[in-house]
């Protein structure tokens, strides 16, 4: 299995504007990201979120800015890449962006957020129990963890294989959790999160799951 230091090297190697260039120039990436952004906006409105939100693995800040706009509340974004955080700050100066290795802890007090999001993040985290414990700590009781993870169906695996050989080569070998398997998914339940609802989009290639923090 790939080591954490190797994963960190992969994450830091992703260009700061990787997602912006992809959305602009690649139809597949445009469909992939816009579908997810639309879904999270609808769900935040549906949940009537009125408190601060935290975006884990925020990279260049696009999702973080959508969270802030959809809820009208303060938003914070954390990411391992200092280059990505600098880029996010230049694009969205009103948002609190911090360079953080959140597998080692989060620089926020207990119960600081009503919602935490992790889109295309948890599948890259080797020590998932420690990360989930930190996420639970910074969420208020009854707060929500909203995750988006790949649904590793045969279609996804085919596309992912070719994607990592071409434009997405930077991500080759970076998936260390498979949420189709009970082990990774059950870690969320063991960490004190309850499944509220979930859906699959993009030809069943991406799972969107809303968890609620238990008391």
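What FRET efficiency comes out for residue 201 versus residue 110 if R0 is 30 angstrom and r is the Cβ-Cβ distance? Round to the nearest 0.05.
For R0 = 30 Å, the calculated efficiency reads 0.35.
Counting alpha carbon pairs within less than 8 Å and at least 6 residues apart, what relative contact order, in whole percent, applies to the range 4-213?
Computed over the range 4-213, the figure is 18 percent.
Quote the FRET efficiency, to the nearest 0.05, computed for residue 215 versus residue 3 with a Förster distance R0 of 30 Å and r equal to the Cβ-Cβ distance.
Once rounded, the FRET efficiency stands at 0.25.
With a 10 Å radius around each residue's Cβ, average the other Cβ atoms per peptide and rank 57-69, 198-210, 144-156, highest first.
Highest mean packing first, the order is 57-69, 144-156, 198-210.
Output the antiparallel fraction of DSSP beta bridges having both residues in the chain, as a percent to the nearest 5.
Of the beta bridges lying entirely in the chain, close to 45 percent run antiparallel.
Assuming R0 = 35 Å, what is the FRET efficiency of residue 130 and residue 180, from their Cβ-Cβ distance, to the nearest 0.05?
Computed FRET efficiency for residue 130 and residue 180: 0.95.
I need 213, 46 ordered by Cβ neighbour count within 10 Å, fewest first.
Least to most surrounded, the residues fall as 46, 213.
As a check on your grasp of the helix formula, calculate [θ] at 222 nm for the chain: sum -39500 (n - 2.57) over DSSP H runs of n ≥ 4, divide by the residue count, round to the nearest 500.
Calculated at 222 nm, the ellipticity per residue is -13000 deg cm²/dmol.
Taking neighbour counts of Cβ atoms within 10 Å as a proxy for exposure, in what order, fewest first, do 12, 104 appear?
104, 12
Please compute the length gained on full extension between residue 86 and residue 45, using 0.36 nm multiplied by the number of residues separating them and subtracting their Cα-Cα distance.
11.8 nm
Across the Cα atoms of the range 4-213, what radius of gyration and what greatest pairwise Cα-Cα distance (Dmax) are found, in Å?
That works out to 15.9, 43 Å for Rg and Dmax.
Please list 181-192, 106-117 highest first by mean number of surrounding beta-carbon atoms within 10 Å per residue.
The packing order, highest mean first, is 106-117, 181-192.
Taken together, the values in this text are just the output of simple stated rules run on the coordinates, not laboratory data. All values reported here derive from a predicted model rather than from experimental measurement. Ideal geometry is used to build each Cβ from the backbone, glycine not excepted, and the neighbour counts take in all protein chains shown.
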